[in-house]
Each structure stands twice: as C-alpha cells, then as structure tokens.
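Structure first, then comments.
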Amino acid sequence: MHDMTAANLRSAFGGESMAHMRYKIWGDLAEKEGFANVARLFRAVATAEQAHATGHFKAMSHVGGAFNVFAGAGFGLTNTSDALAGAIGGEVFEINEMYPTYLEVARFQGEKGAIKSMEYAVMAERIHAELYKKAKKAVDSKKDMELGPVRICKVCGHTIEGGIPDKCPICSAKSEFFVSFE
C-alpha cells in the first residue's frame, strides 16, 4: 500500500474509533438528560463508526508496525444539544472534506480496498448527519426525537431507520449482518 493512502486510512481509523467512543459517551449523557431516543441514536451510530474503523483496519491488513496517528476529534461533555452539534460538525467534516480528499488520493494510487472502505463510510456519514440534525432540532425544542428502529450493517456501517432489508443497499451484506437498536 502506498504510504499516503496508508497514512490517510490510519487517520480515518483513529477518527472513526474516537467517534465510536465519543458517541457512546454522548449517548449516556442524552440518556441522563431524558432523551432516550437520542441516546439510542448515538449508540446505534457508534456501532456504525466501529464498522467504519474495522473496514479501514482490514484495508491495511498487510501493513504492520506501530504508527503515530493524527485524527481530529471533538471533545466536550456539556449537554445533549452541544453533543449533537459536535456530532453534526464531525460528520459534515468527514463528508465534505476528509473522505473526498482521502478518496482522491486512494483513487490516484489505485488502492481498491481503501477506496471501498472509505466509500462505505462516507455514504453512511451522510445518513448520520441528517439523523443528528433531526435529533438536534427536537432537543433544542426540549423534546426527544421521534425515532423508529435503527438498523446498522456491521459490514459497512450503513444506517437505516425502519425495517431490515434483505441485503444491504451499500455493501450487499445479507440481513443477518444488521444489528438493531429499538
């Protein structure tokens, strides 16, 4: 694997790993503040972020060694509205800046596994950003969000509100690869 693509995958792995933990922590905060559906959303998306991190890690399966990894991360544990603002900002950054840039490098370098992993991630991040915007609007109105069952594809992180499809529309994984948050 080319050095630049590998460095970008490591950075994306670090960012997705931190998002996984940050969303779990923010889910606990939302639960404590009485926003059970927002908490469930944070926990579901944490699972999607883990799927993205896993995909990036697997794309580098033949790259060994210890590396310092740079990954930007949002911090703060003030309230659920602020947590949602942080989540929206992180998702939008990945959609508009991080993944498009990383994908251009991976395409230029012909790194098919990296391209697939990053494309899966950015498609899910678009859904996450919209769900977080919906949640923030509700929380800012002092209400919990309305949210049906959330389904996460454990292969690519695709996120669906509602029923489980026969196969993932992103990676074609079978329905048994979805985990449910109800």
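Below, the figures for the structure above:
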item	result
Cα-only radius of gyration and Dmax that characterise the chain, units Å	16.1, 49
Largest to smallest principal axis extent of the C-alpha atoms in the stretch 95-162, angstrom	48, 23, 10
Computed FRET value (nearest 0.05) for Ala36 with Ala71, which takes r as the C-beta separation and R₀ as 35 Å	0.70
For Lys174, Lys142, Lys154, order by how many other beta-carbon atoms lie within 10 Å, fewest first	Lys142, Lys174, Lys154
Ranked Arg107, Arg43, criterion: other C-beta atoms within 10 Å, fewest first	Arg107, Arg43
Of Lys24/Lys112; Lys136/Lys167; Lys24/Lys136, those spanning more than 23 Å from alpha-carbon to alpha-carbon	Lys24/Lys112; Lys136/Lys167
For the stretch 96-182, size of Cβ-based charge dipole, Lys and Arg +1, Asp and Glu -1, in debye	60 debye
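No lab work stands behind these numbers, since they all come straight from the coordinates. Quantities reported herein were computed from a predicted structural model and do not represent experimental measurements. We place every Cβ from the backbone using ideal geometry, glycine too, and count neighbours over all the protein chains shown.
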